[in-house]
Each structure stands twice: as structure tokens, then as C-alpha cells.
Amino acid sequence: MQPREELTQLIGAALDAAIASGKLQMEKAPEVTLERPRDEGHGDWACTAAMRCAKEAKRNPREIAQDIVDALPENTLVNKVEIAGPGFINFYLNNNALQDVVSKVRSEKGDYGRGTVPEGKRKINIEYISANPTGPMHVGHGRWAALGSATANLMRHAGYDVFEEFYINDHGVQMDKFGLSIAARYLQQLGHEDAEVPEGGYNGLYVNDIAKEIIDRDGNKWENADEHERMVEFREYGYAYIMKMFRDITTRFGNHFERWQSEREMYIPSDEFNGQSPFDFCLGKLRDKGDIYDAEDAVWFRSSKYGDEKDRVVRKADGDYTYFASDVAYHYWKKMRGFDHLIDIWGADHHGYIARVAAVLSAMGYPGALEVMLGQLVNLFRDGKPVRMSKRTGEMITFEELIDEVGIDATRYYMLSRSSEQPIDFDIDVAKKQDASNPVYYDQYAHARICKLLRDASGHSGEENLDMDAVAAECIPSDVDLSVLTDPSEFALMRKMSEFGDLISLAARDRAPFRLTHYAQDLASLFHQFYTNCPVLKVEDENLKNARLALCDATRIVMSTTLGILGISSPQRM
């Protein structure tokens, strides 16, 4: 149990005792909440329960605070309690409460901070990136890639059951235009200068590359072929080409999709849907409920009935399906596959789709099942100046080009450094710096510095790729005495590590992995301060040296766990 949890229980017991004794005239105690005092001189934790009881109890909050303090059960956690201001209760913990954090971290290792939440009993589906397979991923897709996997990792560490999914937008007019664009480039390379890319088609250099591959494979076989047959062949070849790019880049970036779901499957009959397509099956269910109707030669969903601003077309008068039609079937299918809660990560420009997709799930009997995280834009800079085009191709900078230049760790870190609701200004030159001005370097350097201390202490200075848990076990006695850790810099580190479990729980609840980048910065800063203020290997007292090595090792574990959740490596050397 974390010190915060234990203290919360103690205060809750004191409130219940004060109510039971009649000192506090209330039917039920308020929920106990704790916060860190801004000034560390005011204790480790502050509680405002007394002030929240005052109105109902009709008493002075300072008097209530004293009743709470008097009713605290005997414990070894709290060293001192002070009542301050209008009724704040400030708690000062015993030294061993923080020193025990070091032992807990080193015992639990990568499981430190892992939670078990009620929501963990529910299956969570996180769908993200979901790009059209008609061209390379852009930098915005890179943000969704980082945000999706970090959110999934964070929620798993908090105790949720999470499934990661990529939805492939491979159905509709844009795919045919992709095939026609490749055909135009194919014909141009065979000397047909009058061949033109269709309006709204794809002009990137990658289309030329795909056309050249087809020529290398088939020569002029398709030069005089039926136009539709050629389009279909080239569309499918280009589709496979782009999907390989998608799989390669996401694997390289550290994403682990458990399912790649094709939009096309929404319209293919399946035994799972009694011989119907998922779309027709879903449409039938909605029509039976009276939520589908025909008007103006089109098929409509009665989404206004469920909170949307107007009804939505699912099949147009010309027989084509709308983009929304696929969402109708896809989100219902996710529910049929056993997921209790659906999290989608969309670009902010898709905000208008939220109400209509949520309306479908409400109509199906699943209100509140959809949660959408909206991601804002990524603005690229180089040395403070906006960058919009690739030097190599003269076109947009792709996600792959960015990580080629900056690296995976820095790309992930910067993509996660702010809330998804805020745009990111990504300066390529800053992200490449190998010094303390680069936050990811600063955090990783703290980890590497600790690894060096442990290697030096255990006699493994020149060795590479070691099991650092084993190295730490070699040089730190199992019965290490942590009571000698009393320096303010040591307590600051221990206090920060004690916050990790709460951070995980709250950040997972709020879908806010960016908080872990801030935590890593704080932890690194406190470690570097400790390293400056408290000699480790050069201290004469052997007990103090061992205790400080244990503190360093615990910091290493928490830093590595934090970076690991973000999908960032923890190097042993830098």
C-alpha cells in the first residue's frame, strides 16, 4: 500500500470515529482527498476534510480538524500533525514511511505502481492512427501512434484490460482514385504524356515508385488493358505496397496492434452475421428499432433522436455508402466482439463525427460506450523556423522521415509532451540535441548515470548490455539499512517515487500520458540534484554508500518504468 493510500484510510477511520462518538454531527463522512502542500515545510500531505464538513456539521472547521486529529488510529506512518489556516490538516510522515518506498520499488521492480481498478474487469478497445492506405503516414499520424500506444501502456499499468487496433480505411472512392493515379504514372513512364492523374487523385513521388515497380514486374502488360481492370489491379498492388509501409513503420516505432481491421469487411457477407455483411446486419437492427428510414432516395439514420444535431445519411441516392456508414457497422461490430468500452483517437478535424457515432451506439443500447480522444496538429520547426516540406522530396515531411532524422525516442517524447488537446510545436533541431536542453536526453542520462554508478560499484565498469537488476543485487546488500537516508535531497527523491502509483492511476483515468513526461523530468532533476549534493561511491560510511546505491537503483527502476510506458528506451550508456 502506498503512503497516500494508508493515510487516506487513517483519516477515513478518524472521521468515522468522530461521527460515531457524536463529536461530528453528520450522517456520512466526506470522501477523503489529499494534496501536496506547495511548501514542503508544511508537511508531506494536506487534507481539507474539516473544511468540507463544516457546513453540514455547523461547526468551526479548526475544531473539526482537531476532532479528526484526536481520533486518528495509532500508526507508524505519521510523525507529526499540524492544523493550519482555516482548517487544513498537514501531515508529516515518519522517515521510514518514505525510506520503505525504496525497498518497495526494488522488490516490485517493473510492477511498481501497477494498479488494479474496477474498470480492469472490462475490456477496452483503443483504435488509433487508422490512416487511408493511399500514401505514407504524415507527422500527425506519428502523434496518434505515440499517443495510442502510450495510452494503452499506461492503462494496462493501471490495471485495465486493453486491446490495440488499427482500422484500415480501404473502402470507397479514394481507393479507386489511388488506383487511377498509379495507372496515370504507369502510362506516363511508358511514354503516354497525355495520361493525367484524376481530379482529387494522388500526386506524391511514391505513386511513381509504385508504378515503376509494376513496370519492373509486368513491363507494358497493362498499357492497353481495360481501364477498370487496370485500375483494380493497380489499386490492389498499391494497397499492399502502402500497407507494408504502415506495418513496417509502426513496428519500428514500437506499436503492437493486435488487430488490423479492414473497412472493406463491413460490406462482405459473413457467417458471424447470419450470412449478411456487418453493415446490412447492423442496418437491419436499426431499422427494426425504427431508427433507419428512407427519404429522398437515400437511407437515413435517425441520429437526432440520440443527441446529434440532425439525421445522417448512410447510403446516398446513387447507392454509394457514406463514410459514416462504415462507422455504423464498425463500432457495433466492436461491441459484438466483446468490448465494453471503445476509445478512438481522431484528429481534431473529425470532431463533428463524435455525436453521430455515439448516437449509433446509443441506439443499439450502448450509451456512453464511445470515448473519443481528439489530437491537435503537430507544427514542425527547424531552429525555430516553420518547416512544411521535405528537403529530400520537396513534398510533406513524412512520419518515417521524421524518425529517420530525430530518432524514435525523441519523436515519441515530443509527441507525448503535451495534452492531446493542445497542438505541438516540434523543433527538429532541439529534439536532436545531445545535452540537458533536450528533455528526453536529460531523462535518459539520469538512467544511464545510475547504471554507471552500479557498474562501478560492482566491478563491471567496462561491460555492456548488463542485467542491471543482477548488477544491483551484487553491490547492494539484501539487508541494506535505509534509515541513514536523511538528507533533504534523498527525501525529495523518495517522496517523488512515492507519488508514482497515484500518478499512474490518475493519468490512466484521464487518458493523459503526457503527465509521465513531466514526471520523468521531475524525477531526473531530483536525481541530478541528489547526485550533486550526496556523494555515492566516495562516501566513507559503507552503510550510507549502500543505502544511497539502493536509492539510486530504485530511481533507475522508476525512471525505466516511466519511460517504458511512454515507449521510450532506457539506455545504460550515453
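The values are calculated or read from the model by the stated rules, or taken from the named source; none is laboratory data. Owing to the predicted nature of the structure, the values given are computational and were not obtained by experimental measurement. Heads up, the Cβs are rebuilt from the backbone with ideal geometry, glycines too, and the neighbour counts pull from every protein chain shown. Ligands, DNA and RNA are excluded from the accessible area calculation, which covers all protein heavy atoms including side chains. Shrake-Rupley method; radii C 1.70, N 1.55, O 1.52, S 1.80 Å.
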Quick one: helix 500-509 against the long Cα principal axis of the chain, what's the angle to the nearest 10°, folded into 0 to 90?
40
If you place +1 on the Cβ of every Lys and Arg, -1 on the Cβ of every Asp and Glu, and leave all else neutral, what size is the dipole of region 268-411 about its Cα centre, to the nearest 20 Debye?
280
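Report the Stokes-Einstein translational diffusion coefficient (µm² s⁻¹, integer) for region 474-543, Rh taken as the Kirkwood radius over Cα pairs, at 10 °C with viscosity 1.306 mPa s. List each step's numbers first, then the result.
Details: Rh = 14.0 Å.
The calculation lands on 113 µm²/s.
Normalized C-alpha radius of gyration of region 341-455, against 2.2 N^0.38 Å? Each step should come with its number before you reach the end.
Details: Rg = 19.2 Å, N = 115, 2.2 N^0.38 = 13.4 Å.
With N residues counted in region 341-455, Rg over 2.2 N^0.38 Å equals 1.44.
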Return the loop-located chymotrypsin sites (Phe, Trp or Tyr not before Pro) in region 519-574 (DSSP other than H, G, I, E, B) with at most 14 other Cβ atoms within 10 Å of their own Cβ; answer none if there are none.
none
In square angstrom, rounded to the nearest 10, how much accessible surface does residue 346 have for a 1.4 Å probe?
30
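Hey, any idea what % of region 262-382's accessible area is carbon plus sulfur with a 1.4 Å probe? Show your work: numbers first, answer last.
Working: 2480 of 5370 Å².
Whole-percent figure for carbon plus sulfur exposure: 46.
Could you sort 171, 341 by accessible area so the largest value comes first, with the probe set to 1.4 Å?
Values: 171 60, 341 20 Å².
So the residues, ranked largest to smallest area, are 171, 341.
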For region 232-332, the convex hull over Cα atoms projects on average to an area in nm² of 9.1
Farthest towards the positive end of the dipole of the chain, among 566, 468, 75 and with Cβ unit charges of +1 on Lys and Arg and -1 on Asp and Glu, lies the Cα of 75
Average accessible area per residue (Å²) across the chain - probe 1.4 Å, nucleic acids and ligands excluded:
45
Where in region 254-299 are there trypsin sites (Lys or Arg not before Pro) that are in a DSSP coil and have at most 16 other Cβ atoms within 10 angstrom of their Cβ?
289
Antiparallel %, DSSP beta bridges [both residues in the chain], to 5
50
Checked against the positive end of the charge dipole of region 277-407 (+1 on Cβ of Lys and Arg, -1 on Cβ of Asp and Glu, about the Cα centre), the farthest of 300, 378, 398 is 300
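If you place +1 on the Cβ of every Lys and Arg, -1 on the Cβ of every Asp and Glu, and leave all else neutral, what size is the dipole of region 415-574 about its Cα centre, to the nearest 20 Debye?
Values: 16 positive and 24 negative charges, 82 e Å.
In total the dipole reaches around 400 debye.
Take 163, 178 and sort them by solvent-accessible surface of the protein heavy atoms, 1.4 Å probe, largest at the top.
Details: 163 50, 178 0 Å².
Highest to lowest solvent-accessible surface, that is 163, 178.
Region 372-511: percent of C-alpha pairs farther apart than 28 Å?
Beyond 28 Å sits 43 percent of the P(r) for region 372-511.
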Hull shadow area, averaged, the chain [alpha-carbon convex hull, nm²]
34.4
Per DSSP, loop GluC sites (Glu not before Pro) in region 467-574 with at most 13 further Cβ within 10 Å:
540
Could you give the dipole magnitude of the chain about its Cα centre, charging the beta-carbon of Lys and Arg +1 and that of Asp and Glu -1, in debye to the nearest 20?
1180
Signed unit charges on C-beta, dipole axis of the chain, positive-most listed residue 243, 208, 440
440
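Rounded to the nearest 500, what is the chain's calculated 222 nm mean residue ellipticity when only DSSP H runs of at least 4 contribute -39500 (n - 2.57) each, over all residues?
Details: 20 runs with 278 residues, N = 574.
Taken over the chain, the calculation gives -15500 deg cm²/dmol.
Per the Kirkwood treatment, what hydrodynamic radius in Å, one decimal, follows for region 303-357 from the mean inverse distance over all distinct Cα pairs?
On the way: mean 1/r = 0.0796 Å⁻¹.
About 12.6 Å, per the Kirkwood formula over Cα pairs.
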